[in-house]
Structure formats: C-alpha cells, structure tokens
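Participant: I'd like to ask you about the structure that follows.
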Amino acid sequence: MTNTEPLILGIESTCDETGVALVRSTELLGDVTATSMEQHARYGGIIPEIASRAHLEAFLPTMRAALEKAAVKLAEIDAIAVAAGPGLVGSLTVGISAAKALALATGKPLYGVNHVIGHLAVDALAEGPLPQQFVGLVVSGGHSNLLDVRNIATDVRELGGTLDDAAGEAFDKVGRLLGTPYPGGPHVDRMAREGDKDAIRFPRGLAGGKDKEKYRYDFSFSGLKTAVARYIEGMRKAGMEPNPEDVCAGFSEAVNDSLTGKAVRAAKDLGYDTIVVGGGFSANSRLRELLSARAASAGLQVRLPPLKYCTDNGAQIAAIGAALVKAGVAPSNPHFGPDSGMPLTQTHML
Ligand code: KG4
Ligand code: ZN
C-alpha cells in the first residue's frame, strides 16, 4: 500500500466503548478501545451518564495510544470520521465534540458517519475491499437488520429489521432469566454450545402463514423470548429445574435459524453473491457456523469480521470514513449534531 492513500482518523463513542483508529484505504494502522462496561454491569444495563463521563475521561489517552500504535502524528491525518449515530446522545456528543475540536485544530475535513454501516465497512480491513453490492446483516444489541448495500458509501437500502427485540437484546434478556451477568449474550452463547439444540423446539417468529411473505426480511424475537420464559416457569412450577444449556441451545437455534434463513433468502432474491455480517452479535458462534453452512450450500460468500471487530470500535468508523473519502463524498456540514436514531440508509451527515 502506498502512502498516497488518505489517512483517516476514526472516533467511536456511541455506547460504552471509546475507540480510536487510524486507517489508510483498507489497511488498519492501529486502533485502541477503552470500555466502561464494568461500571454498568452491576446495574444490568448501560447507564448513559456514566458512559458519557467515561468517554470524556478515556478520549485523550485512547487517542494518544492509537496514534502511537499506528506510528503517525496528528498532523499527518487527511480526514476525521466520527460516529454521529445511532447511539446514546450524551456518548455521541463527547466523541463529536472531540472530533470537531480536532478538525478545527488540524484544518482537516470532518465526516459524521453512521456507526451501523461501520459494522459492515470494518470487514474490508480484515478481508480486503468489499464487493460493490452485497446483502448486509447487521446484528447487535440494538439492531437486527437486512440491508441491500449497492455502494457502502452512497447507496444503502433497508430490506427489513426487527419488529421488537434485536438479536443481542433477546440474548441479554434470556441471560437475565437464567441469572447470567450482564450482558448475557456471550454467556448464553457459551451455554448453548454445551446444550442439545434439538432438546427443546422454540417458535420461529414470522415464519408461517401470511406473515412469512408480508415480513419476508423482518425478524421478531419477543414471542420467542416469552416462550423461553414460559418454559422455564412451567418447569419450575412442576418442581423441576430446566437444563440451562438445552434452553440456551434451543433458543439460540431459533434466533439463528431466522437470521441466517432470511439473509440467504435476501441474497438469492437480489441475485447477490455475498453476505457481509457485522455488529456485536456477529460474535455468536452458532450464527457464524449456521450462516457459513447455509451460504455455502447456496453458493454464496459470507464475510464475517474477526471477533475483535464485532463489538464497537474505532476501526469501523475509520473504515466507513475511508470509504466515503474514496467515493469523493463531501465532508459533513460542521454544524451537525448527534442523531440517536440515524436511519440506516444514511451513511453520513450531510
Ligand atoms: O454492536 P454491539 O457491541 O453494541 C450495540 O451497538 O448494541 O453489540 C452488543 C450486543 C449485546 O447485546 C451482547 O450481548 C451481544 O451483542 N453479543 C452476543 C455475543 N457477543 C456479544 N450475543 C450473542 N452471542 C455472542 N457471542
Ligand atoms: Zn455497534
């Protein structure tokens, strides 16, 4: 890679991770992430004010460490990308304020980017440039969406999403039912691996009757979560303790059956040959296994980010920033603010 490609500084502060990364084209030069998760864990959820304060405290040390890791100076940066949404307003505001100060001090262009699209863009850093068109499956604590990506910088369309809970959220709730620490997702995943996925058959949302066509690319996990709660309750009422590994395995199978089945269907419908997955839930072992198997039988490629880049990080922000710069997109109007509900079809702030 030549040094003539623009050098992008990426800043992430949508939730509890403070991330800073340096990317040149599709090469990750260095990145550092700090998290305030241990401060939230005892509350069983993210406390926004604690998260905002933690970003403020972590930002400068994290940025300095990232610059050092990448062996670059602030003056060498060509553009700055910062997550503008979706996320927690207070958390986003800290990152955006820092990015604006840096843009003013360095005179470099600033892009307010979509954090969720970043979850897909980050894959380019691991596996090389993304294909022009692909189906994006974004799965996290807040999102479960299927996207028709025609150009990651300029043309992203929404095929469908969850009608209620996101996949990660459903896992966290089932974790709570079974008494795991927060967030429950990784614990439920671990227990599921030790259970029998066929021992308990839980329902798949929107899979039958009229719903199947009407919600072709949508998901629904709240009925499933209720079915799991009822099963546990029923067993306990009958004086038995449910087998947590089998509950997790059956539940995980139902979630991942829906996610992978619909992602493959979308790719086939659109005639695309690639599915790109992103978001915290893409660390889920059964999702990775089942999607790889189903895609292979359908003759499709699957691109799954390495585990390190599944959870929120600065590299995903720098990666979408690099894609915007490469596509010749104009920087954001410097007056932009955080957009907690930034639409997935909007790759950056205008
Ligand atoms: O993308 P992310 O870091 O933050 C959001 O933007 O939401 O995703 C975090 C979510 C949490 O719900 C967490 O429990 C879930 O991803 N998660 C997992 C696994 N690893 C993280 N869920 C299931 N299996 C996993 N291995
Ligand atoms: Zn995320």
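The values are calculated or read from the model by the stated rules, or taken from the named source; none is laboratory data. A quick note: this is a predicted structure, and the numbers were derived from the prediction, not measured. Cβ atoms come from the backbone with ideal geometry, glycine included; neighbour counts cover every protein chain shown.
Participant: Can you pull out every residue in segment 296-326 that is away from ligand 2 (no atom under 16 Å from the Cβ), touching a helix residue (DSSP H, G or I) at 6+ places or on another chain (Cβ under 6 Å) and over 15 Å from residue 115 (Cα atoms)?
Facilitator: Once the filter is applied, which keeps residues that are away from ligand 2 (no atom under 16 Å from the Cβ), touching a helix residue (DSSP H, G or I) at 6+ places or on another chain (Cβ under 6 Å) and over 15 Å from residue 115 (Cα atoms), segment 296-326 yields 298, 300, 302, 303.
Participant: A follow-up question, please. For residue 329, state whether it is in contact (Cβ under 8 Å) with a residue 24 or more places away in the chain and under 26 Å from residue 214 (Cα atoms).
Facilitator: Values: in contact (Cβ under 8 Å) with a residue 24 or more places away in the chain: yes; under 26 Å from residue 214 (Cα atoms): no.
No.
Participant: Just to be sure I understand, how many residues within segment 95-124 are part of a helix (DSSP H, G or I), within 16 Å of ligand 2 (Cβ to nearest atom) and over 22 Å from residue 75 (Cβ atoms)? If you could, list the steps in order and put the result at the bottom.
Facilitator: Taking segment 95-124 as the starting set, the residues that turn out to be part of a helix (DSSP H, G or I) are 95-106, 115-121, 123-124.
Right, trim to within 16 Å of ligand 2 (Cβ to nearest atom) and you get 95, 115-121, 123.
Adding the requirement that they be over 22 Å from residue 75 (Cβ atoms) leaves 115-121, 123.
Number satisfying all stated conditions: 8.
Participant: Against the definition (within 14 Å of ligand 1 (Cβ to nearest atom), more than 26 Å from residue 309 (Cβ to Cβ) and touching a Leu at 6+ places or on another chain (Cβ under 8 Å)), how does residue 283 come out, yes or no?
Facilitator: Working: within 14 Å of ligand 1 (Cβ to nearest atom): yes; more than 26 Å from residue 309 (Cβ to Cβ): no; touching a Leu at 6+ places or on another chain (Cβ under 8 Å): yes.
So residue 283 fails the test.
Participant: For segment 141-158, what are the residues that are among the small types (Gly, Ala, Ser) and over 16 Å from the mean Cα position of the chain (by Cα)?
Facilitator: Here is the first cut: in segment 141-158, the ones among the small types (Gly, Ala, Ser) are 141-142, 144, 153.
Result: 153, single match.
Participant: Would you check if residue 177 is surrounded by 18 or more Cβ atoms within 10 Å (Cβ to Cβ) and of a type in the set (A, V, I, L, M, F, W, C)?
Facilitator: On the way: surrounded by 18 or more Cβ atoms within 10 Å (Cβ to Cβ): yes; of a type in the set (A, V, I, L, M, F, W, C): yes.
Criteria met by residue 177.
Participant: Any idea how many residues of segment 1-60 are of a type in the set (D, E, K, R), surrounded by fewer than 20 Cβ atoms within 10 Å (Cβ to Cβ) and in contact with a His (Cβ under 8 Å, 6 or more places away or on another chain)?
Facilitator: Let us first name the residues in segment 1-60 that are of a type in the set (D, E, K, R), namely 5, 12, 16-17, 24, 27, 31, 38, 42, 49, 53, 57.
If we keep only those that are surrounded by fewer than 20 Cβ atoms within 10 Å (Cβ to Cβ) as well, we get 5, 27, 38, 42, 49, 53, 57.
Remaining after also requiring in contact with a His (Cβ under 8 Å, 6 or more places away or on another chain): none.
Number of matching residues: 0.
Participant: Identify all residues within segment 6-42 that are without any contact (Cβ under 8 Å) to a residue 24 or more places away in the chain and either touching a strand residue (DSSP E or B) at 6+ places or on another chain (Cβ under 7 Å) or not in a helix (DSSP H, G or I) (or both); write none if there are none.
Facilitator: 35, 36, 42
Participant: Further question on the same structure: Could you list, in sequence order, all residues of segment 132-154 that are part of a loop (DSSP other than H, G, I, E, B) and modelled with pLDDT of 95 or more? Show your work before the answer.
Facilitator: Residues of segment 132-154 that are part of a loop (DSSP other than H, G, I, E, B), as a first pass: 132-133, 140-143, 152-154.
The answer is 132, 133, 152, 153, 154.
Participant: What single numbered condition from (1) within 16 Å of ligand 2 (Cβ to nearest atom); (2) part of a loop (DSSP other than H, G, I, E, B) fails to hold for residue 129?
Facilitator: Tallying (1) within 16 Å of ligand 2 (Cβ to nearest atom); (2) part of a loop (DSSP other than H, G, I, E, B), residue 129 fails exactly one: (1).
Participant: Based on what the data block shows, is residue 205 of a type outside the set (Lys, Arg), buried (at least 23 other Cβ atoms within 10 Å of the Cβ) and either modelled with pLDDT under 95 or more than 30 Å from residue 36 (Cβ to Cβ) (or both)? Give the steps one after another, and end with the answer.
Facilitator: Details: of a type outside the set (Lys, Arg): yes; buried (at least 23 other Cβ atoms within 10 Å of the Cβ): yes; either modelled with pLDDT under 95 or more than 30 Å from residue 36 (Cβ to Cβ) (or both): yes.
Yes, satisfied.
Participant: Would you check if residue 266 is surrounded by 17 or more Cβ atoms within 10 Å (Cβ to Cβ), more than 18 Å from the chain's Cα centre (by Cα), closer than 22 Å to residue 177 by Cα and touching a residue at least 24 places away in the same chain (Cβ under 8 Å)?
Facilitator: Numbers: surrounded by 17 or more Cβ atoms within 10 Å (Cβ to Cβ): yes; more than 18 Å from the chain's Cα centre (by Cα): yes; closer than 22 Å to residue 177 by Cα: no; touching a residue at least 24 places away in the same chain (Cβ under 8 Å): yes.
Answer is no for this residue.
Participant: Only one residue in 211, 164, 172 is within 16 Å of ligand 1 (Cβ to nearest atom), under 28 Å from residue 345 (Cβ atoms) and not in a loop (DSSP other than H, G, I, E, B), so which one is that? So that I can check it myself, show each step before the final result.
Facilitator: Values: 211 fails: within 16 Å of ligand 1 (Cβ to nearest atom); 164 fails: not in a loop (DSSP other than H, G, I, E, B).
None of the others qualify; the one that does is 172.
Participant: Between a residue in segment 93-108 that is of a type in the set (S, T, N, Q) and any residue that is not in a helix (DSSP H, G or I), which pairs come within a Cβ distance under 6 Å, given they are 6 or more apart or on different chains?
Facilitator: Note: pairs meeting the criteria are 93/338.
Participant: Also, quick follow-up: So, in segment 63-92, exactly how many residues are surrounded by fewer than 18 Cβ atoms within 10 Å (Cβ to Cβ) and either at negative phi or not small (Gly, Ala, Ser) (or both)? Spell out how you get there, then give the answer.
Facilitator: To start, the set of residues in segment 63-92 that are surrounded by fewer than 18 Cβ atoms within 10 Å (Cβ to Cβ) comprises 64-65, 68-69, 71-76, 78, 89.
Filter once more, keeping what is either at negative phi or not small (Gly, Ala, Ser) (or both): 64-65, 68-69, 72-76, 78, 89.
So the answer is 11.
Participant: Here is a list: 161, 185, 136. Which entry is under 29 Å from residue 336 (Cβ atoms), within 16 Å of ligand 2 (Cβ to nearest atom) and crowded, with 23+ Cβ neighbours inside 10 Å? First the steps, then the outcome.
Facilitator: Details: 161 fails: crowded, with 23+ Cβ neighbours inside 10 Å; 185 fails: under 29 Å from residue 336 (Cβ atoms).
Among 161, 185, 136, only 136 is under 29 Å from residue 336 (Cβ atoms), within 16 Å of ligand 2 (Cβ to nearest atom) and crowded, with 23+ Cβ neighbours inside 10 Å.
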